[in-house]
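Here's the structure we're looking at; comments come further down.
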Amino acid sequence: TPAICMRLFSEEFELGTFNLLRSLPISIERIIFSKILSQIFLLAIILVPTIIFIYSIGTLSSPAFNIDLGIIFSAYLSLLLLIIVFVCLSALASSMANKQALSFVLGVFLNFVFWQGPQEMSKIFNFDFTFQSLNYHFQNISRGVLDFSSVGFYLGLILMIMGLIILRFRWNYLKSKI
């Protein structure tokens, strides 16, 4: 995800085209939302061919199509929510860096910290932080039980990251006016 999203904002900062984009009669929220939504859509399209595997497994099972579609649906939902969070984190990294390479490294770092960080903190501090990791909530949803606290965690995290991106752009806009 960071490799796909590293050009989201950093290339426009580097080339100076973001000022041109800002001069259009489009709000900053719509610009950010459109860019992030395009990346989410791209990654969701990449998942579409995996439906062939479901069909293949269904036809090879005995009896035919004796598969639990609830688990498959929840695994896809969990993966889609995880993709959205990773895209938002990578977009945040891209908004914080002016160079694409730095945006990529920062995106990988942020994705790793949110995926694995709480498990590592649990080992260091001998306290259970795992319920705050993306990995924990991904496993909860993908095992077939739609846990609304995990969905709420994902949605809250997405909104928080989007808010940080908007705050970052508004701060730069206010700073440029001074």
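The values are calculated or read from the model by the stated rules, or taken from the named source; none is laboratory data. Since we're looking at a predicted model, the values are computed, not measured. Don't worry about glycine lacking a Cβ; one is built from the backbone with ideal geometry, like all the others, and counts go over all protein chains shown. Just the protein is used for accessible areas: all its heavy atoms, side chains included, with ligands, DNA and RNA removed. Shrake-Rupley method; radii C 1.70, N 1.55, O 1.52, S 1.80 Å.
Some notes on this structure:
- Residues that are outside any helix (DSSP H, G or I), hydrophobic (A, V, I, L, M, F, W, C) and open to solvent by 50 Å² or more (accessible area, probe 1.4 Å) within segment 112-153 comprise F127, V145, L146, listed in sequence order.
- Segment 63-87 residues that are closer than 12 Å to L155 by Cα, paired with ones that are surrounded by 17 or more Cβ atoms within 10 Å (Cβ to Cβ) and of a type in the set (S, T, N, Q) (beta carbon under 6 Å, 6 or more apart): S78/S142
- Any hit, segment 10-22, residues being in a helix (DSSP H, G or I), modelled with pLDDT under 90, open to solvent by 70 Å² or more (accessible area, probe 1.4 Å) and among the aliphatic types (A, V, I, L, M): yes
- Hey, N126 over 19 Å from N172 (Cα atoms) and among the polar types (S, T, N, Q) or not: yes
- Within segment 32-52, the set of residues being under 24 Å from V85 (Cβ atoms) and free of Cβ contacts under 8 Å to residues at least 12 places away in the same chain comprises S34, L37, S38, F41, I45, I46, V48, P49, T50, I51.
- Consider segment 7-26 and keep the residues that are among the aromatic types (F, W, Y) and touching a residue at least 12 places away in the same chain (Cβ under 8 Å). The one that is farthest from S38 (Cα to Cα) is F13.
- Test for I124: is it β-branched (V, I, T), over 22 Å from L37 (Cα atoms) and in contact with a helix residue (DSSP H, G or I) (Cβ under 7 Å, 6 or more places away or on another chain): no
- Test: residue in segment 160-169 that is within 29 Å of I31 (Cα to Cα), loosely packed, with under 15 Cβ neighbours inside 10 Å and not aliphatic (A, V, I, L, M): yes
- Hey, V87 open to solvent by 30 Å² or more (accessible area, probe 1.4 Å) and of a type outside the set (G, A, S) or not: no
- Looking only at segment 90-109, and only at residues there that are of a type in the set (A, V, I, L, M) and farther than 22 Å from E29 by Cα, the one that is least open to solvent (accessible area, probe 1.4 Å): L106
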